[in-house]
Amino acid sequence: MAFSGIGLFGHFCMKNFLAFRGISALVSAIASALCVLSAALAQTGGAIIPAGTPTANAPAAPPPPPSSVARTLYESQKEKLLQIRVLVSGAESQSSAGSGFNVSTDGLIVTNYHVISQLIWEPERYRAEFVRTDNTRGAVSVVAIDVQHDLAVVRVGTPTPPNGWGIVTLAPDDSLTQGDRVYSLGNPLDLGFAISEGTYNGRPERSLYPNLLFTGAMNPGVSGGPAMDDRGRVVGVNVAGFGRAAELTNFQVPVKFVREIIKIAQSRKDVPNEQLRADMRTQLIAHQAVMLNALHAGAWKTEPLGKYRIPVIPDKLARCWGEASEAEKKNYRYETARCDLGSALYIDRSMRIGSVSTQHEYSTSSTLSAYRFSQLRKKSMENESQLYAAHNKSRTAARCTEDYIATPTAKFRAVVCARAYRKFEGLYDINTLVVSLDNNHDGLESTLTLNGVDYTRGLQESRRFIEAISRSAEK
C-alpha cells in the first residue's frame, strides 16, 4: 500500500527536523503539527493486516531500548532467526519479506503462510530464499501450510552443516499468564534483525481461533518470526496487527499450532503445489464449519429494528455497528445495523475467504406518499446488483433464485445467489437479500453474505436467516 504524497512529506519531516528547531517557535510548532498530521493520515485506519504486508515509506517509531533480558535473549537466539524473502524469478527484485526460525536440525523453518503465498499461486514468477543473521543465504521450498492459522513450513535447499542447524525450543501449550513479558523477534521493515519487548494480554474475545494478544511493537517484516518467553522458548509466531492506528495491538499464533504443522512437515520432502492447494481446500472447508458452527446452534438470534425483528450475529463473535438518520433534516428516516464476523482467511493479495456478515436497513416516513416512499426504497435497493455479479478469475457468475414469502403480518421478496470458487471445489459465496413488501410508509431490507461456504450448509443458513425475519403485529 502506498501513502503517495503523505509518505513523502513524512520523509521530509524526518530529514528537516533539526532545521525546524532553528526557526521561530510558532513556525516550529506548525511544522511539527503538520508532521504529526501527515503521519496520522498515513495510517491503515484500524484494519487487521498481516504484519508482513509490504508498505511503501512506512513510518516506524523507534522501539524502546531493550532490557537486559531482551539483550541476552537476542544474543542467544539470533543464529536461529532468518529472513524469508520472496523474489521475482530470474532477478533480485524483492516482492515481499518476512521472518522465520529454525525448528529442525535438517533445515525446517517456520514462517507465516502470507509471507510465502506467492510461491503457491505463481511458482513460475517467484522464488524464495532465506537470509541468516550472518548474511548467509540459500533457496527454500514450501512443504506445509496452515491457512487457518497463517502458518507455513519451508525447507532449506542448501546442504545441512555437519552439526545441523541450531533450533529453537518450543514452550508447553498455554504456558503464559496474562501480564507475562513476551519478546517478538524478526526483521522489521527489512532494516535488520531486532527484538521487541511487550506483554501478553490474553486471548482476543472476538476471534474464532485462540490467538495471543501481544501489546508491543510489531512492524511489517516480522511476520513469521518467533514470540518468546523470558526463558527463550517459543510461545507463538508473529502474524498480524490492527494497523498502526491501533499502535501496539498485535496478534501471535499460539505454539500449539506450530507443533501441529511441524509434524506434518517432518513427514514430507518435496511437495508439489497441487498438494499444497489441496491442503488449502481442506483447511478452508474446515474453517467454514468452525465459522458457521460458532454462529449458533440452530435458529438465528434476533433483535428489534423498527417494526421488525432481524437476525444478528452474536456480539461475542462479531463487531457490529448501527446508525440512525437525523429525522428533522429529512422527510423520512432510517436505521441500519451491520455485523461482520471478521473471520476471512488470507489466500493471496487479492483474495480472502471465509467470512459472514449481515446488514439491515429499516426506513420509515409519515409525510411521503406511498408512491414517493416506494421510489425512495427502490433507489436504496440498487446495491442488489452485487448479487448478480459476473464471473471473474476466482469465481463463476452468480446463479440466483427468487421467491415471495407471506407471513401473518408481512410479505417479503427473497433472492438467493450462489457463486462457485474456481480453485476450491465445493466452496461458494452465497448472498441472500430479503425485502419487505406492501407497507406504504415503512420497510426493511436485509442481506446475509456468506463467503467461502459449503453449498448445502450455506443454503441452510440462508433459509434460517430468511425465516428469522418477522414483522411485529400491528396494533
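Solvent-accessible area of Thr282, all protein chains in place: 90 Å² (probe radius 1.4 Å, heavy atoms, ligands and nucleic acids excluded).
I'd like to check one number: the per residue accessible area of region 70-138, probe 1.4 Å, reported in Å² as a whole number. Don't jump to the answer; show the numbers that get you there.
Numbers: 2520 Å² over 69 residues.
Dividing the accessible area of region 70-138 by its residue count gives 37 Å².
Heavy-atom accessible area for Asp403, with the other protein chains in place and a 1.4 Å probe, reaches approximately 90 Å².
Under 10 °C and 1.306 mPa s, how fast does region 56-190 diffuse according to Stokes-Einstein, given a Kirkwood radius computed over C-alpha pairs? Answer in µm²/s, whole number. Can you show the working numbers first?
On the way: Rh = 16.3 Å.
Taking Rh from Cα pairs, D becomes 98 µm²/s.
Computed across region 211-289, the Kirkwood radius stands at 14.6 Å (inverse of mean 1/r, all Cα pairs). Sorting Glu402, Glu445, Glu335 on solvent-accessible area from highest to lowest, probe radius 1.4 Å, gives Glu402, Glu335, Glu445.
For Tyr404, the accessible surface of its heavy atoms amounts to roughly 140 Å² (probe 1.4 Å, protein chains only, rounded to the nearest 10). Note on Lys307: aspartates and glutamates with a C-alpha under 13 Å away, same-chain residues under 8 apart excluded, are Glu335, Glu361, Asp442, Glu445, Glu474.
What whole-number value in Å² describes the accessible area per residue of region 177-277 for a 1.4 Å probe? Please report the intermediate quantities before stating the final value.
Details: 4260 Å² over 101 residues.
So region 177-277 comes to 42 Å² accessible per residue, rounded to a whole number.
Local charge sum around Tyr404 (other residues, Cβ-Cβ under 10 Å, Lys/Arg +1, Asp/Glu -1)? Charge balance in the 10 Å sphere: 0. Placing Asp173, Asp315, Asp270 in order of accessible area, with the largest value first and a 1.4 Å probe, yields Asp270, Asp315, Asp173.
Per residue, how many Å² of accessible area does region 284-375 show with a 1.4 Å probe?
50 Å²
Against the 2.2 N^0.38 Å scaling, with N counting residues, where does region 260-316 land? I'd like the Cα-based Rg ratio to two decimal places. Don't skip to the answer; put the middle values down first.
On the way: Rg = 19.4 Å, N = 57, 2.2 N^0.38 = 10.2 Å.
Normalised Cα radius of gyration, region 260-316: 1.90.
How charged is the neighbourhood of Val182? Take every other residue with its Cβ under 10 Å from the Cβ of Val182, and add Lys/Arg as +1 and Asp/Glu as -1.
-3
Projecting label points 7 angstrom from Cα along Cα→Cβ for Thr158 and Asp180 puts them 3.4 nm apart.
Counting pairs of alpha carbon atoms under 8 Å apart in space and at least six apart in sequence, what relative contact order in percent does region 217-361 give?
On the way: 166 pairs, mean separation 18.5, N = 145.
That works out to 13 percent.
Of the residues Ser117, Ser141, Ser366, ranked by 1.4 Å probe accessible area with the largest first, the sequence reads Ser366, Ser141, Ser117. With K and R counted +1 and D and E -1, the other residues having a Cβ less than 12 Å from that of Pro226 yield a net charge of +2.
With unit charges on the beta carbon (Lys/Arg positive, Asp/Glu negative), name the residue among His149, Val239, Ser223 whose Cα is farthest towards the positive pole of the charge dipole of region 134-288. It is His149.
The values are calculated or read from the model by the stated rules, or taken from the named source; none is laboratory data. Since this is a predicted model, take the numbers as computed values, not measurements. Cβ coordinates were reconstructed from backbone atoms using ideal geometry, including for glycine residues, and neighbour counts include every protein chain displayed. In case anyone asks, the SASA skips ligands and DNA or RNA and just uses the protein heavy atoms, side chains included. Shrake-Rupley method; radii C 1.70, N 1.55, O 1.52, S 1.80 Å.
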